[in-house]
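Reviewing the structure listed below.
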Amino acid sequence: MTSVIVDSAVPPAPCGRGRVGPGAATRLPGTGGWCVEGVRPGDGPALHDLFARCSPETVRLRFFGYLRELPREYADSVLACRPEEHDAVLVHQGDRRRPAGLASLAAPAEAAPGGAAVLGVLVADACQGRGLGAAMVDELLVRARRRGVARVSASVLPGRSRLLDALARHLEPESSSLDRDGLTGVYRLRPHGR
């Protein structure tokens with residue numbers, strides 16, 4: 001789960017303390033100024049830059065193959081900024097033109113298991129292991145609950161089931177399936193307060 005960004009005409013948004021409102025940056029406490037905010041239409045160059053900073057292995061683990069560039073259809077969908085179709089957030093440390101990661105939650109496609117929204121996360125190699133992916137997923141789930149999303153699915157390559165185990169600690173597992181391409185978990189997303 002990863003993304004890329006190039007020079008953006010959109011100025012960096014100041015990071016506030018905690019979630020201030022829709023579209024506001026969420027400062028991650030105790031992280032030295034890391035912020036999570038929604039992707040904007042002008043973030044295309046930044047997303048491509050992020051992709052370029054990812055190793056071929058990181059790209060393979062996110063997109064299930066070796067790609068030379070960020071898939072155009074994926075980028076176009078994320079940059080359209082229609083959360084009901086494809087919600088996306090990025091994480092940065094004060095300069096959104098150079099994000100450390102991208103996470104997205106796409107509305108269910110016809111082939112999506114159980115009619116679940118599809119989760120994807122990409123974190124640049126140099127920033128992995130700092131909890132940035134988890135912070136982006138947390139923000140996406142908050143936003144999804146507000147929109148009434150009921151199920152989330154995530155797929156991983158064989159040997160990476162611990163990522164699905166992490167989701168199962170925060171969401172109610174509904175089903176899982178294994179095929180030659182990997183393991184997919186479907187999780188129930190309960191509204192807050194239940």
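Data table
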quantity	calculated
Cα-based shape type of segment 68-194, given that a ≥ b ≥ c are square roots of the gyration tensor eigenvalues and the cut on a/c is 1.5	rounded
Coil-residue trypsin sites (Lys or Arg not before Pro) of segment 41-132, DSSP, other Cβ within 10 Å capped at 14	Arg68
Other-chain or far-sequence residues with amide H under 5 Å of Arg160's (modelled H)	none
In Hz, Karplus ³J(HN,Hα) per residue of segment 45-51 (6.51, -1.76, 1.60; θ = phi - 60°; x = Gly, Pro)	x, 5, 5, 5, 5, 4, 4
Vicinal HN-Hα couplings computed from phi for segment 61-70 (Karplus, 6.51 cos²θ - 1.76 cosθ + 1.60; Hz; Gly/Pro x)	5, 7, 9, 6, x, 8, 10, 8, 8, 4
By accessible area with a 1.4 Å probe, ligands and nucleic acids excluded, highest first: order of Tyr66, Tyr74, Tyr187	Tyr66, Tyr74, Tyr187
Debye log10 I(q)/I(0) at q = 0.16, 0.21, 0.25 Å⁻¹ for segment 33-117, Cα point scatterers	-0.65, -1.06, -1.31
Rounded to whole Hz, the Karplus (6.51, -1.76, 1.60) HN-Hα couplings of segment 129-143, x for glycine and proline	x, 10, x, 5, x, 4, 5, 5, 4, 4, 5, 4, 5, 4, 5
Accessible-area value, Glu172, 1.4 Å probe, nucleic acids and ligands omitted, Å²	60
Global form of segment 100-172, assessed from the alpha-carbon gyration tensor, a/c cut-off 1.5	prolate
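The values are calculated or read from the model by the stated rules, or taken from the named source; none is laboratory data. The structure presented is a predicted model; accordingly, all values stated were derived computationally and were not measured. Here the Cβ is made from the backbone with ideal geometry for all residues, glycine too, and neighbour counts use every protein chain on show. We work out accessible area using only protein heavy atoms, side chains counted, and drop any ligands, DNA or RNA first. Shrake-Rupley method; radii C 1.70, N 1.55, O 1.52, S 1.80 Å.
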